[in-house]
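We did not get these values from a lab; they are worked out from the coordinates using the rules stated. Only a predicted model underlies this, so the values are computations on that prediction, with no experimental measurement involved. FYI the Cβ positions are ideal-geometry reconstructions off the backbone, even for glycines, and counts take in every protein chain you see.
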Amino acid sequence: MLQQDLLFFFAQRPAALPLYEAFARKVCAQIDHVDIRVQKTQIAFSNRHNFAFVSFLPVRKAQYRPPVYITVSFGLARRIISPRIDAVVEPYPNRWTHHVLIASQEEIDAELMQWIQEASAFSASKR
């Protein structure tokens with residue numbers, strides 16, 4: 001069922017599917033017991049709670065967005081200051097949601113995966 005849901009999710013943007021697949025492979029290889037749920041507007045990665053999301057959230061103005069991309073979002077207890085972070089919001093005190101636009105598999109690197117691992121640990125520590 002997951003594969004059918006993925007094909008439906010990427011139906012309008014099939015060229016972005018390899019970016020998602022590379023990201024999902026790395027998440028599942030580095031974090032234990034990951035549950036992946038394909039929803040209408042995003043794909044959620046969770047352990048006890050959601051810790052990362054893939055979507056097409058337009059975190060950059062159209063003129064600065066590449067033709068093929070995914071947006072990776074994750075929550076931390078701290079704000080990351082990095083040129084790679086396209087947008088960051090604090091929806092709750094000490095809960096920072098970061099959005100990173102990914103346009104190539106090379107951008108799914110050690111730095112991004114460190115943030116995702118931190119987000120997973122942060123999510124798992126919640127009650």
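When the chain is described by a simple charge dipole with +1 on each Lys and Arg Cβ and -1 on each Asp and Glu Cβ, the residue from ASN94, SER120, PHE56 located farthest towards its positive end is ASN94.
In order along the stretch 80-88, the Karplus-derived 3J(HN,Hα) couplings, from 6.51 cos²θ - 1.76 cosθ + 1.60 at θ = phi - 60°, round to 8, 9, 7, x, 6, 7, 7, 7, 8 Hz, and Gly and Pro are given as x.
Over the chain, what portion of Cα pair distances is larger than 21 Å, expressed as a whole percent?
36 percent
Phi angles across the stretch 72-79 convert, under the Karplus curve 6.51 cos²θ - 1.76 cosθ + 1.60 with θ = phi - 60°, into 3J(HN,Hα) values of 9, 10, 7, x, 9, 7, 9, 8 Hz, Gly and Pro given as x.
Rounded to the nearest 20 Debye, what is the dipole magnitude of the stretch 2-124 about its Cα centre when Lys and Arg each give +1 and Asp and Glu each give -1 at the C-beta?
For this selection, approximately 360 debye.
Suppose R0 equals 25 Å. What FRET efficiency, 1/(1 + (r/R0)^6) with r the Cβ-Cβ distance, do GLN114 and PHE8 give to the nearest 0.05? Plugging the Cβ-Cβ distance into 1/(1 + (r/R0)^6) gives 0.20.
Over the chain, dividing the summed -39,500 (n - 2.57) contributions of all DSSP H runs of at least 4 residues by the number of residues returns a 222 nm mean residue ellipticity of -9000 deg cm²/dmol.
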